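The values are calculated or read from the model by the stated rules, or taken from the named source; none is laboratory data. In this text, all values refer to a predicted model and were calculated from it rather than measured experimentally. Virtual Cβ from ideal backbone geometry, glycine too; neighbours counted across all protein chains shown. Only protein heavy atoms, including side chains, enter the accessible area calculation; ligands, DNA and RNA are left aside. Shrake-Rupley method; radii C 1.70, N 1.55, O 1.52, S 1.80 Å.
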Amino acid sequence: MRLPLVLRILACALALGAAATAIAKDSAVVTTERVRAELLAHAPEGVSPGKPIWVGLQITHQPQWHTYWKNPGDSGLPTTLAWRLPAGVNAGEIAWPAPRRFALGNLANYGYEGTVLLPVPLSVTPGFAPLGAEVEIKVKANWLVCRKECIPEEGDFSLRLPVRGSTALHGAAFQAAWDAQPRALAGAGSQAAKVDGQNLSVSITGLPAGARGKRLEIFPETTAIIEPAGAWTQAWDGAVWTAKLPLSAQRSDAPKGLPVVVTDGTQAWRTELAVTGIWPAVATPAAVSPALEEALRRNAGAARADAVPTSLAMALLGALLGGLILNLMPCVFPVLAVKVVGFARHGEDRRGQRLSGLAYTAGVVCSFLALGGAMLALRAAGEQLGWGFQLQSPAVVAALAALFTLIGLNLAGVFEFGAMLPSRVATLQARHPVADAFLSGVLAVAIASPCTAPFMGASLGLAITLPPTQALMVFAALGVGMALPYLAASWVPAVAALLPRPGAWMDTFRRLMAFPMFATVAWLVWVLGQQSSVDGAGALLALLVALSAVVWTFTLQGRTRVVLSVLTLAAAAVGAWILGPSVVRLVPMSASLPAPSDRWQPWTEQAVREHVAAGRPVFVDFTAAWCVTCQYNKRTTLADDAVLADFGVRRVVLLRADWTRRDPAITQALAALGRSGVPVYVLYAPGRAPVVLSEVLSPSEVRTLLATL
């Protein structure tokens, strides 16, 4: 049994299209469904030493959405700007306008709504030597935009400023931003705060007469000192404003000085409070000393050296074995079964079997080379990518779900391409069996790409550090390993003799194979829901139902077919218009995987360092929703009661690094461990190098390792 050649062509186009993902060009404006972000500049006297030069990111929020101040409050992240400037031009810090408070239940955050400009001063050194009449200003911005849900977004911006001319079009916007900034409060030495039990008593003098008697807001610039949503009191004693603020339960610092911003809603002032009194004791992680930082870096290097093969030959062998084992992974089973039946169909046609085996092998190897080459090229261009990167795109996931729906319907016998397509197209498979076998190899790689088998991880991790030719050799070896069973069955009679003979069972088996394909579709719908939202998963499911209905109508005859086709296409068009944006949304979204218990915390590199510095072991699960092996391990070994009990007894901190959507920090952490894909499981413990565990976890492996702590 063979899948229609048209479906193989679709799979080939999809896989190669995903591998050739384009890198977006820089521009001055980035627009999403929630904000419009634009890079503005104000250089009225050109670009030269001593002249005033300002640039800034202006964010215009849709109603009810907001972004965050330098201290986001109970949750959130401040907007960050990473500048790429010409030699001799330096960027200062963001001159943050005064924020406002956003309350959500028992939480409170600090940030901005409407339109806000975050201005940054640029300075030009005396040795600045422009290369032309213009200078190019580039910045990569990251911001978190929230309503009830939160969505991380980013953009690459660029502007060209004339060296001699004037850039002053947005002067009014910058002036409004400067007016919104807190002004330094006179008499800073008299501003004080005293720790009083679990509260901080604040006393501020020197506020303008117009502010006296008004209710003020106070925003500490230091995070996790004051409880943002806590109940607090304030009062005026003549010209002195006092307040009693509750200390944060998450406090990990005891500062002697606390910079704050106070505002009456129209004006804002900034001062630094001199803090006196005895801070309540808190369980704080020990500071990470420079010596420990260096030790952690050495340990990471040692882990990488232990994790990767020691030579190109070992990397090739690991890739070959990994590709061979990949055939046993659950995501590859549907294609595995289809290929077994395809070989049986050839019967005694030895020449046909051999050609099919070679063509299938070529399809698998070429697909691995295409994916590997695209990954290496994009990484060389600055993208932080790893194995399985194409499934980090919701559009690719939705397209694969549609493709596998068509394959499942065909296997189930709902439709035959011969009855729907012109005869020349429908007979392509019979006329070009070699092309059919080649494209079935492409389809196999498209399905296998979410999986990482044992021996694969270390080899792929080393591949991205090798010269391009050697790296592609590793990817080719991976493809040869995956295709090896079929190649052996096509060329070795003893292996071919083990395959079942053609018969009526093949039609039954074909229909049975529709169910694993539909299970793959269900999994892809879940993956898209993790990447976007429940609405995204529901939208994709609705579109797949519409696609199935359209296919079904083509199996009917006469006027019924015409009428139902028109109605179904109209319904699908309406559904796509209403729900489509949820499916093809390409803006990064929050995509945390549901944890089996509340033991798991989000991963950050800083969290690992702090816990290890405090003497606590840390277990990190690098995972993704589209990684089938990850989900298997999460629902078996990582949910095993005995394993969880051992984690608890040894006070192991459990961190989960979710790579469902592209995350450069996680990509860099994987590279430091000698890996380029997930799953990866690492145990960090004080005084020893990190230990990387197997891709397919077992409870005994984890418990044995924990017993050494």
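For the reader, a short list of remarks on this structure follows.
- FRET efficiency, GLU701 to LYS194 (Cβ-Cβ, R0 60 Å, nearest 0.05): 0.65
- Long pairs among LYS51/LYS138; LYS138/LYS256; LYS51/LYS194; LYS70/LYS634; LYS148/LYS256, criterion Cα-Cα beyond 31 Å: LYS138/LYS256; LYS51/LYS194; LYS70/LYS634; LYS148/LYS256
- As a rough guide to protection, the peptides 250-263, 679-692 ranked by mean Cβ packing within 10 Å, highest first, stand as 679-692, 250-263.
- Length gained when the stretch ALA488-VAL434 is fully extended (0.36 nm per residue, less Cα-Cα span): 17.7 nm
- In this structure, ALA274 and ARG183 have a Cβ-Cβ separation that, at R0 = 25 Å, corresponds to a calculated FRET efficiency of about 0.80.
- Estimated at 0.36 nm per residue, the fully extended path between MET314 and GLU33 surpasses their Cα-Cα distance by 96.3 nm.
- Dipole magnitude for region 82-238: computed about the Cα centre from +1 point charges on Lys and Arg Cβ and -1 point charges on Asp and Glu Cβ, it is near 260 debye.
- For the pair TRP526 and ARG350, a Förster radius of 35 Å applied to the C-beta separation gives a FRET efficiency near 0.20, rounded to the nearest 0.05.
- Other-chain or far-sequence residues with amide H under 5 Å of LEU273's (modelled H): LEU258, VAL260
- Whole-number accessible area per residue in Å² for region 151-223, which is evaluated in the context of all protein chains at 1.4 Å: 50 Å²
- Computed from label points 7 Å out along Cα-Cβ, the spacing between LYS148 and THR80 is 3.0 nm.
- Amide H contacts under 5 Å for VAL680: PHE622, restricted to partners 5 or more places along the chain or on a different chain, H placed in the peptide plane at 1.01 Å from N.
- Within straight-line cross-link reach of LYS214, lysines at Cα separation under 21 Å, skipping those fewer than 8 residues along the same chain: LYS244
- The distance linking region 646-696 with region 132-146 is 32 Å (Cα centroid to Cα centroid, whole angstrom).
- With the simple model of a label 7 Å out from the Cα in the direction of the Cβ, GLN267 to VAL163 spans 4.4 nm.
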